[in-house]
Structure formats: C-alpha cells, structure tokens
Amino acid sequence: MAKILIVDDSRTSRKVLKTILEEGGHEVIGEAIDGMDGLTKFKELSPDITTLDITMPVMDGLQALKAIKEVDSSARIVMVTAAGQHTNMVDALKLGASEFVTKPFESEAILAVINKM
Amino acid sequence: MVNQLFGNYLVRKGLISKEQLEQAIESQKKVRVKLGLIAVSEKLMTAEEAAEVNKLQAVMDKRFGDIAVEKGFLTDDQVGRLLGLQGNQYLTFAQAITDNGFLTLEAFEQAFLDYQKELGFTATDMDSIKSGDADRIVPLFVPEGTDSVQVEYISVAVRTILRLIDSDAYIGSASWGRNESFDGAAVQNLRGDRAAGFSFGGNGKALLSIAVPFGKEEFPEVDLDALDSVAEFINCINGLFATGISGKLKLDMLPPSYRNGLVKVSADRLVKMPVYISGQEVMLMCAFGSTISI
C-alpha cells in the first residue's frame, strides 16, 4: 500500500482517481488543486507517490515536477494527462517522472502502474 | 445512431409513437436480423419472394439462404454478403420495428425514402446514415465551409460521446455561430500550429446528461462540480483529437474553464451542433483557427 498525493485541478478527476486508488488498497493522504498547491502539500506530507496532472492553471504539471524534484530528487511521480500530450510526456520523463497514465482513467491500467512502483 | 435519427423522423411524421420508438430501440439490442429482411432491403429479393422462402422454411429443415439459392432468388456469394450485414444498425432497427408490428417493411422502406427526400441527401449519403458509423454520418450534418480538420474534431467528439456517455446519442444539423448563450458551459482551448477550441453548452439540466455518466456521480443541478465533470470530458475529447491530428498539427491543451448563470460562448466563427443525449439537447461547439471564450 502506498501513501499517495493527487495533484489535479479537476475535482472530477481527483475524485475518480482517489476512488480507484483506495479500491486498489492505497491511501490517498492529500489532494492539491494546482502545481503550486501540490508542491506545498508534497513538502508537508512526504507522500510515497505523487500523481501530477499536466494541464493545470497557476503552475502546470511539468513545472511542478521540476520543483518537486528539486526538493527531493528521489520523489516518485506519476504524470496524469489526457491522451495526446506525448511531447509533454517525453519532457516529463526527461525531468524525472517515473511513469504516466492517461485519461479517461481505467482502474486496471492505473493500479498496474502504481503497484509496480 | 441511425435508429435515433430515422426513428425520430418516424415519430415526427406520426408513423410511430415515441413510446414505440423507445420499445423498438430496446428490443433492437436483442434482435438478430433475418436474412430475408436484409435481402429485401438490399433489393436482391422482393418481399413476395422472401415471404415464399419463409413459408418453405416453415416446412423444411433448411436455412433461409439455402432455400433462396435453390429457388434461384440468390447466389451463394450474395448470401455470404447478406450474412455480413446481419449486425447492421439500420437493419436491426427495421427488424425491431417490423417484429413489434409498428410498421410493415414496405412502409418502413418508404418512410426511409421520404426521409431521404426531406434531408435532400443522395443514396450514398443514406448508405452512410444506414451504416451507423459516426465518421460517415457527421460530415453530412456540418454546414458548408466546415474545415476538414473541424469535421474530424467533431467526429472525435461524437465518437467519444457514443463510447463514454450514451451509446444511443444522436446529432442534429449543425450551423455556424459566433455568440451563443446558455445556462451553463464548459470550454477548453488548444494552441500550437493553429488555435482551436471546444465547448459544450446547455440550458436547464441538459449538461447533467454528460456530467453524471462521465463523473459517475449524481449532481442536483448544473453546479460548478457538474461543470467540472463536463470540462474533464472535453479534456478527454481534446486529448484524443490532438493525438489523432498529431501527424499534421502540433496542438497543446490549455486548462479548461466553465461557468454557470447566463453564459455567453463566443468565437470568431464556430460550428454548433445539437447533440441529443439521454433525451436532452446539448450544444457541441467547435472553433478551428480561433479560440472560444466564455
């Protein structure tokens, strides 16, 4: 079981992802509504895994990924995004993201990614 | 989609009732189309020939196709092709309507010809409608001057609605617009090689027809949480569109936004297409070459 922080500006996505993760036996220890909020909560909560949406206002997922990696280079980050952002995905992997999952969420695919981390 | 498009025409013309349409669509899910009905629909046999084979089939332990070949009504190749059409949505709808006794096959076929006249479509266009394939149907319902990329954009949206929201959803004729007003709307723009934008607007509780199935949550009204669900659905459509078009155009998605109250949806030029989801009319709006503001 992993302690997970969800960072996504969409309440719907946070709720659906939280349900999937909790049904998969994981604990969601916090939710953040944008990259800046995510960075603050990452420092407060020290999650095992952080899920980061890419398209967010204030600070987007790539900026948040970079900032979190500066705080903790070993942080395990899963990028979450709609299909179609492959360039961003490549950038994210270069910046140190461990994995990525795409929306709309499919519980089996998400749990397979989280469980192997 | 053909069952809803043509079915609503039948209701509008008073040929069947709304309740009969609902019953036919429900029973269509269990229908296996008879070969005789397909053969008549494909104009390879007359209704009388099909009836003759049906009578013979009642007293012979043989399949319809075998008897039709023996009688010289069909060739083996034709039977093979007809068997391939058994899952066709138009034909399963025809069978559901005729099996329930709402219309005869002749009346059904005549109404389809009248529907073609009303739409002003060619026989090829009607074959596209019969196919039930969103990619073939959408181009028939967009206004003149719609960019091919925009057609692709709308097709992705309609396919995604059918896949994730309501498999019985259907579309109406689209038109050009600039300033549209709704009780609630959500939008997401894309930038990159070209600007583009996509929005759903609706009045009353219409947008709940998307928000509830996509968010898997009941909402009492079209509040901001419900609109967030609609915005996330748009995000999925845009992601799929951006993936599909990535060989030709590079597009990045911007964060979606949404509002309720009296909302004005504006763009230099947008295609607005009514989509009927679970009995509600939602307006799908798509701009290409400019963004959409709310």
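Within region A:14-29, how many residues turn out to be open to solvent by less than 10 Å² (accessible area, probe 1.4 Å) and either at positive phi or within 14 Å of chain B (Cβ to nearest Cβ) (or both)?
1
Say whether the condition of being of a type in the set (S, T, N, Q) and open to solvent by 40 Å² or more (accessible area, probe 1.4 Å) is met by at least one residue in region B:265-275.
Among the residues of region B:265-275, not one is of a type in the set (S, T, N, Q) and open to solvent by 40 Å² or more (accessible area, probe 1.4 Å), which makes the answer no.
Please list, ordered by residue number, the helices (runs of 4 or more DSSP H) wholly in region A:34-117 having 2 or more residues that are within 14 Å of another protein chain (Cβ to nearest Cβ) and out of contact with any strand residue (DSSP E or B) (no Cβ under 8 Å at 6 or more places or on another chain).
A:61-71, A:86-94
Looking at the structure I just gave you, is B:Phe233 closer than 28 Å to A:Thr19 by Cβ and either open to solvent by 30 Å² or more (accessible area, probe 1.4 Å) or within 11 Å of chain A (Cβ to nearest Cβ) (or both)?
When the stated conditions are applied, B:Phe233 passes them.
So which residues in region B:90-113 are in contact with a helix residue (DSSP H, G or I) (Cβ under 8 Å, 6 or more places away or on another chain) and either farther than 27 Å from B:Gln23 by Cβ or surrounded by fewer than 18 Cβ atoms within 10 Å (Cβ to Cβ) (or both)?
Result: B:Asp99, B:Asn100, B:Thr104, B:Leu105, B:Glu106, B:Glu109.
Please determine, by comparing only the residues of region B:238-249 that are within 10 Å of another protein chain (Cβ to nearest Cβ) and of a type outside the set (S, T, N, Q), which one is surrounded by the most Cβ atoms within 10 Å (Cβ to Cβ).
B:Phe241
Quick check, is B:Asp252 of a type outside the set (A, V, I, L, M, F, W, C), facing another protein chain (nearest Cβ under 9 Å) and more than 20 Å from B:Tyr153 (Cα to Cα)?
no
Among the numbered criteria (1) open to solvent by less than 10 Å² (accessible area, probe 1.4 Å); (2) over 17 Å from A:Val16 (Cα atoms), which one does B:Ala211 miss?
(2)
State which residue pairs qualify: first residue at positive phi and among the polar types (S, T, N, Q) and inside region A:47-65, second residue open to solvent by 30 Å² or more (accessible area, probe 1.4 Å) and part of a strand (DSSP E or B) in any location, beta carbons under 9 Å apart, and separation of 6 or more residues or different chains.
The qualifying pairs do not exist here.
Would you tally the residues in region B:110-125 being farther than 15 Å from B:Val11 by Cα and assigned to a helix (DSSP H, G or I)?
The total comes to 7.
Whether any residue in region B:257-264 is within 14 Å of A:Thr12 (Cβ to Cβ) and not small (Gly, Ala, Ser) is what I want to check.
There is at least one residue in region B:257-264 that is within 14 Å of A:Thr12 (Cβ to Cβ) and not small (Gly, Ala, Ser).
Condition check: more than 20 Å from B:Thr160 (Cα to Cα) and within 13 Å of chain A (Cβ to nearest Cβ). Does B:Phe219 satisfy that?
Taking the combined requirement at face value, the residue satisfies it.
Has region B:115-130 got at least one residue that is among the small types (Gly, Ala, Ser), modelled with pLDDT of 90 or more and open to solvent by less than 30 Å² (accessible area, probe 1.4 Å)?
No, region B:115-130 contains no residue that is among the small types (Gly, Ala, Ser), modelled with pLDDT of 90 or more and open to solvent by less than 30 Å² (accessible area, probe 1.4 Å).
crowded, with 19+ Cβ neighbours inside 10 Å and not polar (S, T, N, Q): which single residue out of A:Val58, A:Val78, A:Val71 fits that description?
A:Val78
The values are calculated or read from the model by the stated rules, or taken from the named source; none is laboratory data. On a predicted model such as this, the values are computed, not experimentally measured, just so you know. Note that each Cβ is placed from the backbone with ideal geometry, even for glycine, and that neighbours are counted across all protein chains shown. To get the accessible areas, we keep the full protein, side chains included, count just its heavy atoms, and leave off ligands, DNA and RNA. Shrake-Rupley method; radii C 1.70, N 1.55, O 1.52, S 1.80 Å.
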